[in-house]
Amino acid sequence: MSKGEQTRQEIVERALALAGEVGLEGVSLGVLAASLNLSKSGLFAHFRSKEALQVEVLQRAIDDFIQDVVVPAIRLPRGEPRLRRLFDLHLAWVYGNARSGSCFFMALTHEYDDRPGPVRDLLVQSQRDWYDTIARTARTAVEEGHLRADLDLEQFAYEFVGIGMVFQQSAKLLENPRAEERARAAFEALLARSRP
């Protein structure tokens, strides 16, 4: 890796960490540059605009999510074991990991829900891909006979994501000590309603 590529990665990692604290839009290029001992012009040598940096930061978060949540889950046997692992890893991601401290995507949803542009477009695509991943994983559970044949896969994915969103609010904002217990109970109820 060249020095320029290494610096670019360091910028993205630091911006991702800052965005976890102040939101992606709140990342000041001046503060970011100073935290890396770069000049603003030095930072702009790697990213031609704040928006280009934001897109790359979001892409890094997507890549991290895939590596931390999706890849380990798909290594398990098809069906319910894979679905359960996907849920467990999603809860762990939402609660916080070493990289971002909470679910970066949920925070961005509020920041970019009505702000058009490349950042929103990438965020929307990433979330559509997440719903599709859940639905495909549920489909394998149907094919394995773990879930019923007439299961509405889109509804299943909707409820799966909804549990994660409520978990984020309950665990992070409300500091409910039973947030994880309730999220798991909701997931078990979803599975029970989805079985043959």
Please verify whether Q67 is among the polar types (S, T, N, Q), within 17 Å of the chain's Cα centre (by Cα) and surrounded by 15 or more Cβ atoms within 10 Å (Cβ to Cβ), treating the condition exactly as stated. no
Being under 17 Å from R60 (Cα atoms) and either surrounded by fewer than 17 Cβ atoms within 10 Å (Cβ to Cβ) or among the β-branched types (V, I, T) (or both) is the filter here; which residues of the stretch 23-48 pass it? G23, E25, V27
Determine whether the stretch 90-108 contains at least one residue that is assigned to a helix (DSSP H, G or I) and more than 18 Å from G20 (Cβ to Cβ). no
Some residue of the stretch 56-71 being within 20 Å of A157 (Cβ to Cβ) and either free of Cβ contacts under 8 Å to residues at least 12 places away in the same chain or among the basic types (K, R) (or both): yes
So, of the residues in the stretch 140-161 that are small (G, A, S) and assigned to a helix (DSSP H, G or I), which turns out to be surrounded by the most Cβ atoms within 10 Å (Cβ to Cβ)? A141
Among the residues in the stretch 93-101, are any free of Cβ contacts under 8 Å to residues at least 60 places away in the same chain, out of contact with any strand residue (DSSP E or B) (no Cβ under 6 Å at 6 or more places or on another chain) and either closer than 30 Å to V142 by Cα or aliphatic (A, V, I, L, M) (or both)? yes
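Is it true that A141 is at pLDDT 95 or above, in contact with a Lys or Arg (Cβ under 9 Å, 6 or more places away or on another chain) and of a type in the set (A, V, I, L, M, F, W, C)?
yes
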Scan (1) surrounded by 17 or more Cβ atoms within 10 Å (Cβ to Cβ); (2) more than 23 Å from the chain's Cα centre (by Cα); (3) among the β-branched types (V, I, T) for the single condition I62 breaks and write down its number. (2)
With E21, E10 as the choices, which residue is more than 14 Å from F104 (Cα to Cα), of a type in the set (D, E) and either without any contact (Cβ under 8 Å) to a residue 60 or more places away in the chain or out of contact with any strand residue (DSSP E or B) (no Cβ under 7 Å at 6 or more places or on another chain) (or both)? E10
Residue satisfying all of: in the stretch 109-139; assigned to a helix (DSSP H, G or I) and acidic (D, E); surrounded by the most Cβ atoms within 10 Å (Cβ to Cβ) among these: E111
In the stretch 163-185, how many residues are in contact with a helix residue (DSSP H, G or I) (Cβ under 7 Å, 6 or more places away or on another chain) and either in contact (Cβ under 8 Å) with a residue 24 or more places away in the chain or not in a helix (DSSP H, G or I) (or both)? 9
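The values are calculated or read from the model by the stated rules, or taken from the named source; none is laboratory data. Being a predicted model, the structure only gives us computed values, none of them experimental. When we count neighbours, we look across all protein chains shown, and the Cβ atoms used for this are built from the backbone with ideal geometry, even at glycine.
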